[in-house]
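**Student:** Quick one: the structure is below, and I'll ask about it shortly.
The values are calculated or read from the model by the stated rules, or taken from the named source; none is laboratory data. This one's a predicted model, so the numbers in the text were calculated from it and none came from an experiment. Here Cβ is always computed from backbone atoms with ideal geometry, including for glycine, and neighbour counts include all displayed protein chains. Ligands, DNA and RNA are stripped out before the accessible areas are found, and what is left, the full protein with its side chains, is counted by its heavy atoms. Shrake-Rupley method; radii C 1.70, N 1.55, O 1.52, S 1.80 Å.
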Amino acid sequence: MASTASKLYSDDVSLVVVLLDTNPFFWAIAKNSNNNNPNLSFSNFLNHVLPFLNSILLLNQINQVVVIATGVNSCGYIYDSSSSPPASAAKSEDGNMPGIFSRVIQKLEEFVIKDQELSKDESVVGNPSSLLSGSLSLALCYIQRVFRSGPLHPHPRILCLQGSPDGPEQYVAVMNAIFSAQRSMVPIDSCVVGAQHSAFLQQASYITGGVYIKPQHLDGLFQYLTMVFATDLQSRSFLQLPRPVGVDFRASCFCHKKTIDMGFICSVCLSIFCKHHKKCSTCGSVFNQANPDSTLLPDRKRKTPDA
Amino acid sequence: MPQVKIIAKNFMDMVAALPAMKLDKLYENTFICEAVLRSLPPLAKKYVLQMLYLVGPITAKSMEEWVLADGLSKHRGAIDRLLQLRVFLEATDRKKETSYKLNPKFQDSLQKYLVYGGAVPTEPMPSIITGRLPTLDSLEAYALEQWECFLLQLISSGQPERPSSIGSSMLKVFQRGLLSSRESEAPKLTESGFQFLLMDTNAQLWYIIREYISTSQDRGVDPADLISFLLEFSFHSLGEAYNLNTLSEVQRNAIKDLADLGLVKLQQGRKESWFIPTKLATNLSVSLSDTSSRKQGFVVVETNFRMYAYSTSKLHCEILRLFSRIEYQLPNLIVGAITKESLYNAFENGITAEQIISFLQQNAHPRVAEKTPSVPENVTDQIRLWETDRNRVEMIPSHLYEDFPSKDVFEAASDFAREIGGLLWEDSKKMRLIVRGESHQDMRDFLRRQK
């Protein structure tokens, strides 16, 4: 890790990978419900996010922003400030909108349409979650490429702007992404614009040393974004940033993808199950045939005096 | 020993030194706001962003709550800087509480920037008129060549027979600090001139630009105009052609001077003429600490004090000659040795050991740059030792007091001198006393009172 650190720019140069939640199911609900988040439609949301992206680019000449869309069936790169011509050179046709905005919006539209086509043949049950694991992996791949690109690279971080609820079926993939982010020292910041807290993102930010917030007033989202998430990693050590209030550490079981409080863990590969199995489905170890309830209780009794 | 050292001060210090009225006027220009913002320390940048959409002032107390305890000094530094540049305006309310708010002009410009994005100061010229523009590589080669040529001139001006071809206004810039020219003698490189040669390119550029601006008044140009032009200029995109006719008279003159340095390439078409910014120009507003523009190194220093420089450049050879003995030169290799004599020569010229070492480290060949340290420790230590050899004697201007009328007066005087921290030496037997020169007045007053 020391070698990566020495290759960084000494300054506050940052590379921000922003994951945008484009889940149409979530945004449709968010637009209609008036009680707790008034009028945060997708376009309103973009009105907050796009100037925020611009403000990151403003802070330093070599700052870099990458936008990745998180859809229901797919994920995709939307915008990369390093590969596109400088914002000044590419002006949109109508002249009213700067290049970055029009390009992001155009690519987003294309992405949403493509994403929708993918889901046509499947019948949708309930309220599907976004592919957070996919977009996290894309972001990490991008960051790995940056790490290997040359002697000098900006300090990367990931910002998840998530609205839709967690998909417990992605538990393993998301956790793997989180741990690999932790290994490469990439903080995952998360900003939840949905109705309920996200256990995945709470854990992600907790483990990687990022910041997790769920804004109270969504109409001031821009201020939240600039107050908290525009802070470069160097300045974070001097500033009061929101502390985690509590982290939901619950895991999902591997067998039924349910979020559980208590369960069974394979002693060989640490897979999690919600009920007793004869054989671990992940590593194939054969478990003791004994009745789990009877073995569990004496175990506990033995351990309590020690602790 | 007085240390002459060129401090490559930031461009922004000059901006900060402008009078308030002019500064406020400058902030109407979005580019200047952008450049100023980018030059700020990280914490200050963040505060600006945070306050950008706040209307009312914020009290200093509540701002202090933003930072952790160990970041307080950084916080103060950031606030000071913001006040210096008039990005923050200070106000004291009835309850004697200080509060800050953003400069409204600055705020306005930046808000526009965030919503509408950065636009180009002037549109680049269409390629139909300009024809084929030079490629980025050839442009960079051009800039480098021009820059080296200019530095070579600086070195060779120490040798009187060479005629100089730099424009007269640029030459004046150097005469101020780097060259000493008396009327009867040929211009000679000063101590700071030698130090200048060892700085890295960005620092050199800043130094020259700074001098260029501070001499602008002698040429009848308003420094504020020049600063705003140079800041705006650094936002032109690399390798595009811009029409010269869109510039004002002052700007056109400035462009010509910048072309001498290789910041722009001037080209003449059939009807119009245009300029193409090079990499040197676009780096102008990047802060000094940035090292992204650093060139590849070329020097290998061995533990036996021999130095191999893989370079074909005459400039490099001249620079190395400043502190080493060049032994022989092959088409792509310069071989030299760092000797006591060559270093003494350098020290005579006012170059310090630290500057030589940092030059060697910064220009280390990629193969040795991977190692730590990139320059062998015994070499760096020896360079430092040889420098301290010269500094064994310290000179302090002082006064000798003797012939005191009585022992009491002598003792009172020596006690007093010790008290004010000026006593350097005393001999109580012969009643003699040596006191620092700056304490002389106090001593005289004291002795007079004794009488």
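**Student:** Find which of B:344, B:312, B:357 sits farthest along the positive direction of the dipole of region B:306-370, computed with +1 on the beta-carbon of Lys and Arg, -1 on that of Asp and Glu, about the Cα centre.
**Tutor:** B:312
**Student:** Using DSSP to call loops (not H, G, I, E or B), can you name the GluC sites (Glu not before Pro) in region B:350-451 whose Cβ has at most 10 other Cβ atoms within 10 angstrom?
**Tutor:** Hits after loop and neighbour filter: B:370, B:394.
**Student:** Shifting gears a bit: May I ask you to derive the FRET efficiency for residue A:250 and residue B:370 from their Cβ-Cβ distance with R0 = 45 Å, giving the value to the nearest 0.05?
**Tutor:** FRET efficiency, residue A:250 to residue B:370: 0.45.
**Student:** Also, I was wondering about something else. May I ask you to rank B:74, B:95 by accessible area, largest first, using a 1.4 Å probe over the protein chains only?
**Tutor:** Listed by decreasing accessible area, they come as B:95, B:74.
**Student:** A follow-up question, please. What ³J(HN,Hα) values, in whole Hz, does the Karplus curve 6.51 cos²θ - 1.76 cosθ + 1.60 give for region B:434-447 when θ = phi - 60°, with x put for Gly and Pro?
**Tutor:** Running phi through 6.51 cos²θ - 1.76 cosθ + 1.60 with θ = phi - 60° gives 10, 10, 3, x, 6, 8, 4, 4, 4, 4, 5, 4, 5, 5 Hz.
**Student:** Could you work out the relative contact order of region B:299-451, using alpha carbon pairs under 8 angstrom and six or more residues apart, expressed as a whole percent?
**Tutor:** Taking the mean separation of contacting Cα pairs over the length of region B:299-451, I get 17 percent.
**Student:** Which sequence of B:311, B:248 reflects their accessible areas, 1.4 Å probe, from the largest down?
**Tutor:** So, going from the largest accessible area down, we get B:248, B:311.
**Student:** Another question, if that's okay. Quick one: ranking B:98, A:282, A:70, B:372 by accessible area, 1.4 Å probe, largest first, what do you get?
**Tutor:** Output order, biggest surface exposure first: B:372, A:282, B:98, A:70.
**Student:** Now, a different point. Whole number please: convex hull volume per residue, Cα atoms of region A:163-253, in Å³.
**Tutor:** 95
**Student:** Less than 12 Å Cβ to Cβ from residue B:250, Lys/Arg counted +1 and Asp/Glu -1: what total charge do the surrounding residues give?
**Tutor:** Within the 12 Å Cβ shell, the charges total -1.
**Student:** Restricting everything to alpha-carbon atoms, can you work out Rg to Rh for region B:369-419 with a Kirkwood hydrodynamic radius?
**Tutor:** Radius of gyration over Kirkwood radius for region B:369-419 works out to 1.48.
**Student:** Within region B:19-90, list the chymotrypsin sites (Phe, Trp or Tyr not before Pro) lying in a DSSP loop whose Cβ has at most 16 other Cβ atoms in a 10 Å radius.
**Tutor:** B:53
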